[in-house]
Structures are given as C-alpha cells and as structure tokens.
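**Student:** Mind having a look at this structure? Questions to follow.
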Amino acid sequence: MIINMPATSTREINRRLIKERDEGGAIALGRVLTLIIDVDGQDAEEAIEAANDASREHPCRIIVLANGDHVGPARLDAQIRLGGDAGASEVIILRPTGELADHLDTLVIPMLLPDAPIVAWWPHEVPADPAQHPVGRMAQRRITDTTRCSNPNASLRKLANVHAEGNTDLAWTRATLWRGLIAASLDQAPYEPVQRAVVSGESTHPSVELMAAWLAQSLRCPVEVIRIPDALAITQVRLDRASGPIILERPDGKTAALIQPDQPEHRIAMPIRQLPECLAEELRRLDDDEVYGEVLTKGLARLTA
C-alpha cells in the first residue's frame with residue numbers, strides 16, 4: 001500500500017499511521033528500531049529496497065529524507081508505504097522544501113518510535129562529521145558507505161579524522177568474510193608470525209584499504225596494497241611466513257581459493273556481498289564496533305607511515 005500525502009505535516013502523517021494501524025492491524029508492533037536514511041538529494045529507491053530486505057530480519061520504521069528544494073516556500077510532501085511495499089517495515093518518505101529542508105531533525109523527531117534505538121544511514125556521500133550531523137546526533141549507530149562516494153578513499157580518511165563511537169561503514173562490512181577466513185587460517189599450526197602482507201583489489205575500493213589497515217594494525221607487519229583498475233573489489237590477500245605464504249584469492253568475485261603450505265587447496269563460495277546483506281549485518285549490533293574504530297583511526301595511518 002502506498003499513500004501519498006502532499007502539503008502535509010508530521011502530525012497528519014502520524015494520524016494517518018494510527019488510522020492505518022487501527023484499520024489494518026497492529027502494523028507497528030514488533031518494530032525493533034528506527035532507521036533514518038538520508039539520501040542527500042540522490043535517488044532513494046535502491047536504499048529503500050535494501051532497507052526493506054534488511055527489515056525482514058530487523059522489523060523497523062524507515063524514515064527516508066528524500067531530495068527537497070531549499071528554495072521556495074516551506075512545504076512537506078510525504079509518502080507512506082505499508083504491507084507488500086515495505087517489507088517487514090513501514091516506510092515514511094519525507095520531501096521537505098524551503099526552510100523545512102534546513103531542519104531535518106525537527107521533521108524526524110515526531111516520527112521516531114518511542115523507546116526504540118535509532119540508526120542513521122547515509123547510502124551515498126558521507127557528511128562532514130556523521131556524529132555531529134543533525135540526524136547523526138540522535139542516533140546510536142551511524143552507517144556510511146564510502147564505496148558509493150565520488151571519492152571513496154578521500155572520504156574514508158575524512159571519516160578517520162572525525163571518528164566517534166557508533167560510527168561504521170559498509171565498506172568495512174563488505175570485508176567481513178575476508179577477515180574471518182584470514183583469522184581462521186592464522187589460528188592453525190604452525191602459528192608463525194607474518195613477515196609481510198599484500199592486499200590486491202580494485203584501485204579505488206575502500207574495502208581494499210580497510211582490509212590492508214586491519215592487517216597492519218593486527219599483525220604489526222609491512223602491508224603492501226596493489227591497486228588493480230576495474231577489478232572486483234578485493235581479489236587477493238597474501239600473508240608471507242617462514243614456512244610459506246597463505247593466499248586467499250577471489251579473481252572472479254564468486255569463488256575463493258585458500259592456499260596454504262602442505263595443505264590441499266580449499267575452494268569456498270564467497271560471492272561479492274550485496275547491499276541488503278551488509279546493511280542487515282550492521283543492524284544486528286547497536287554497540288560500538290571498536291575494531292573498526294581502531295582500524296580506521298590507527299590502521300590507515302600505518303599504511304602511509
């Protein structure tokens with residue numbers, strides 16, 4: 001169900017939600033959080049679709065701050081999506097114009113679920129300081145996605161300079177499986193120190209940078225980054241040890257091969273992670289990701305030290 005509400009107010013939106021709840025059942029029961037999506041003038045549909053998919057695991061109220069014109073009279077157009085058009089969530093799309101577009105927090109506050117955690121997500125360009133952004137200040141978790149930025153690696157380093165507890169980035173989430181497999185391989189004999197690491201991947205993909213920074217911070221060894229134009233995200237991680245290298249490679253973006261000394265080659269299904277999967281993973285935790293914070297603020301500096 002899609003309900004269009006031109007020239008409306010937050011009070012009228014809440015009234016309509018209550019009306020639909022009374023007529024259609026307790027649609028708001030079981031919502032575990034409020035997800036605020038600030039698309040910053042970009043197309044909102046991809047982010048809404050990803051949030052709807054993630055909501056099947058994390059039922060939530062989704063508030064979308066869509067593109068609005070800062071020039072002109074103050075006006076709020078809205079759209080409510082329920083049922084099959086909203087996954088396991090309820091979606092409220094707000095399109096403010098005029099001076100309302102400069103006060104996004106005052107529009108969002110009346111829409112928040114009571115006593116529920118708040119997560120803010122910027123699916124495109126990152127704000128100058130997510131924790132100090134009007135929406136970010138009210139959120140327990142703040143999710144950015146430097147993969148979608150016009151200058152991913154510059155945006156990553158900008159986030160490193162303003163990192164605060166509760167911040168995370170989907171470029172970090174996209175490397176979760178790589179980190180897990182590498183950590184598992186190092187937990188096996190012969191338990192030798194890593195002398196050198198090499199991370200290869202797409203030349204501007206921030207997951208490549210974060211993977212290298214994680215290795216540099218965790219292993220305290222030299223880490224080289226090999227940048228390959230038009231590659232599929234991370235393509236290979238190589239760890240050199242005295243007994244021989246550990247190599248995890250995924251040249252086709254679908255299947256990875258784990259190669260270790262004196263062991264048969266292991267083939268692992270590891271397709272490139274998609275946006276809904278990454279978002280759902282981040283919504284599972286509302287505490288601070290301390291490892292990400294350490295990698296961002298300290299590990300990245302080790303790559304250029």
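The values are calculated or read from the model by the stated rules, or taken from the named source; none is laboratory data. These figures come from a predicted structure and were not determined experimentally. Glycine gets a Cβ as well: all are built from the backbone with ideal geometry, and neighbour counts include every protein chain shown. For accessibility, only protein heavy atoms count, side chains too; no ligands or nucleic acids. Shrake-Rupley method; radii C 1.70, N 1.55, O 1.52, S 1.80 Å.
**Student:** Looking at the stretch 256-305, which of the residues that are open to solvent by 40 Å² or more (accessible area, probe 1.4 Å) and among the β-branched types (Val, Ile, Thr) is nearest to Ser55 (Cα to Cα)?
**Tutor:** Among those that are open to solvent by 40 Å² or more (accessible area, probe 1.4 Å) and among the β-branched types (Val, Ile, Thr), it is Ile272.
Matching residues to (1) farther than 22 Å from His266 by Cβ; (2) at pLDDT 95 or above; (3) of a type in the set (Ser, Thr, Tyr):
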position: Gln188; (1), (2), (3): no, no, no
position: Tyr191; (1), (2), (3): no, no, yes
position: Arg196; (1), (2), (3): yes, yes, no
position: Ser203; (1), (2), (3): yes, no, yes
position: Val208; (1), (2), (3): yes, yes, no
position: Trp214; (1), (2), (3): no, yes, no
position: Gln217; (1), (2), (3): yes, yes, no
position: Pro229; (1), (2), (3): yes, no, no
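**Student:** Would you check which residues across the stretch 1-22 are assigned to a helix (DSSP H, G or I) and farther than 15 Å from Arg61 by Cα and list them? Spell out how you get there, then give the answer.
**Tutor:** Of the residues in the stretch 1-22, the ones assigned to a helix (DSSP H, G or I) are 10-22.
Arg11, Glu12, Arg15, Lys19, Asp22, listed by residue number.
**Student:** Next question. Among the residues that make up the stretch 121-128, is at least one of them assigned to a helix (DSSP H, G or I) and open to solvent by less than 10 Å² (accessible area, probe 1.4 Å)?
**Tutor:** Kept after step one, since they are assigned to a helix (DSSP H, G or I), are these residues of the stretch 121-128: none.
Checked the stretch 121-128: no residue is assigned to a helix (DSSP H, G or I) and open to solvent by less than 10 Å² (accessible area, probe 1.4 Å).
**Student:** Same structure again: If you go through the stretch 247-260 one residue at a time, do you hit one that is at pLDDT 95 or above and at positive phi?
**Tutor:** no
**Student:** When only residues in the stretch 86-103 that are part of a helix (DSSP H, G or I) and in contact with a Gly (Cβ under 9 Å, 6 or more places away or on another chain) count, which is surrounded by the fewest Cβ atoms within 10 Å (Cβ to Cβ)? Please lay out each step first, then the result.
**Tutor:** The first filter runs over the stretch 86-103 and keeps only residues part of a helix (DSSP H, G or I), leaving 98-102.
This time we only want the ones that are in contact with a Gly (Cβ under 9 Å, 6 or more places away or on another chain), so: 98, 100-101.
Working: Gly98: 15, Leu100: 19, Ala101: 22.
The residue in question is Gly98.
Residues are listed down the side, and each one gets a yes or a no for (1) modelled with pLDDT under 85; (2) within 23 Å of Gly136 (Cα to Cα):
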residue: Thr10; (1), (2): no, yes
residue: Ala26; (1), (2): yes, no
residue: Gly30; (1), (2): yes, no
residue: Ala44; (1), (2): no, yes
residue: Cys60; (1), (2): no, yes
residue: Leu65; (1), (2): no, yes
residue: His70; (1), (2): yes, yes
residue: Pro73; (1), (2): no, no
residue: Leu76; (1), (2): no, yes
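Listed here are the residues, each with its yes/no results for (1) aromatic (Phe, Trp, Tyr); (2) open to solvent by 40 Å² or more (accessible area, probe 1.4 Å); (3) under 25 Å from Ile228 (Cβ atoms).
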site: Pro130; (1), (2), (3): no, no, no
site: Arg148; (1), (2), (3): no, yes, yes
site: Ala175; (1), (2), (3): no, no, yes
site: Pro193; (1), (2), (3): no, yes, no
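**Student:** Based on this model, can you work out whether Asp240 counts as charged (D, E, K, R), over 15 Å from Trp172 (Cβ atoms) and either without any contact (Cβ under 8 Å) to a residue 40 or more places away in the chain or open to solvent by 70 Å² or more (accessible area, probe 1.4 Å) (or both)? Let's see the steps before the verdict.
**Tutor:** Working: charged (D, E, K, R): yes; over 15 Å from Trp172 (Cβ atoms): yes; either without any contact (Cβ under 8 Å) to a residue 40 or more places away in the chain or open to solvent by 70 Å² or more (accessible area, probe 1.4 Å) (or both): no.
When the stated conditions are applied, Asp240 does not pass them.
**Student:** On the basis of being surrounded by 16 or more Cβ atoms within 10 Å (Cβ to Cβ) and of a type outside the set (Phe, Trp, Tyr), does Ala233 make the cut?
**Tutor:** Working: surrounded by 16 or more Cβ atoms within 10 Å (Cβ to Cβ): yes; of a type outside the set (Phe, Trp, Tyr): yes.
For Ala233, the condition - surrounded by 16 or more Cβ atoms within 10 Å (Cβ to Cβ) and of a type outside the set (Phe, Trp, Tyr) - is met.
**Student:** Give the residue that is modelled with the lowest pLDDT, with candidates limited to residues of the stretch 150-169 that are in a helix (DSSP H, G or I), hydrophobic (A, V, I, L, M, F, W, C) and surrounded by fewer than 21 Cβ atoms within 10 Å (Cβ to Cβ). Quick ask: steps written out before the conclusion?
**Tutor:** Residues of the stretch 150-169 that are in a helix (DSSP H, G or I), as a first pass: 152-161.
When the remaining residues are screened for being hydrophobic (A, V, I, L, M, F, W, C), the result is 154, 156, 159-160.
Next, from what is left, pick out any that are surrounded by fewer than 21 Cβ atoms within 10 Å (Cβ to Cβ): 154, 160.
On the way: Ala154: 94, Ala160: 97.
Among those residues, the one meeting the criterion is Ala154.
**Student:** Mind listing whichever residues of the stretch 55-80 are basic (Lys, Arg) and under 23 Å from the mean Cα position of the chain (by Cα)?
**Tutor:** Residues of the stretch 55-80 that are basic (Lys, Arg), as a first pass: 56, 61, 75.
Correct list: Arg56, Arg61.
**Student:** Tally time: how many residues in the stretch 51-67 are surrounded by fewer than 21 Cβ atoms within 10 Å (Cβ to Cβ) and in a loop (DSSP other than H, G, I, E, B)? First the steps, then the outcome.
**Tutor:** Step one: of the stretch 51-67, the residues surrounded by fewer than 21 Cβ atoms within 10 Å (Cβ to Cβ) are 52-53, 56-59, 67.
Now restrict to residues that are in a loop (DSSP other than H, G, I, E, B): 56-59, 67.
Looking only at that region, the number is 5.
Listed here are the residues, each with its yes/no results for (1) without any contact (Cβ under 8 Å) to a residue 40 or more places away in the chain; (2) in contact with an Asp or Glu (Cβ under 9 Å, 6 or more places away or on another chain).
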residue	(1), (2)
Ser89	no, no
Asp105	yes, no
Asp129	yes, no
Gly136	yes, yes
Thr146	no, yes
Ala160	no, no
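**Student:** Can you name the condition, by its number, that Ala197 falls short on among (1) more than 15 Å from the chain's Cα centre (by Cα); (2) crowded, with 23+ Cβ neighbours inside 10 Å; (3) within 29 Å of Leu104 (Cβ to Cβ)?
**Tutor:** (3)
**Student:** Run Ala257 past the list (1) in contact (Cβ under 8 Å) with a residue 12 or more places away in the chain; (2) over 22 Å from the mean Cα position of the chain (by Cα) and report the number of the one that doesn't hold.
**Tutor:** (1) is the only condition that Ala257 fails.
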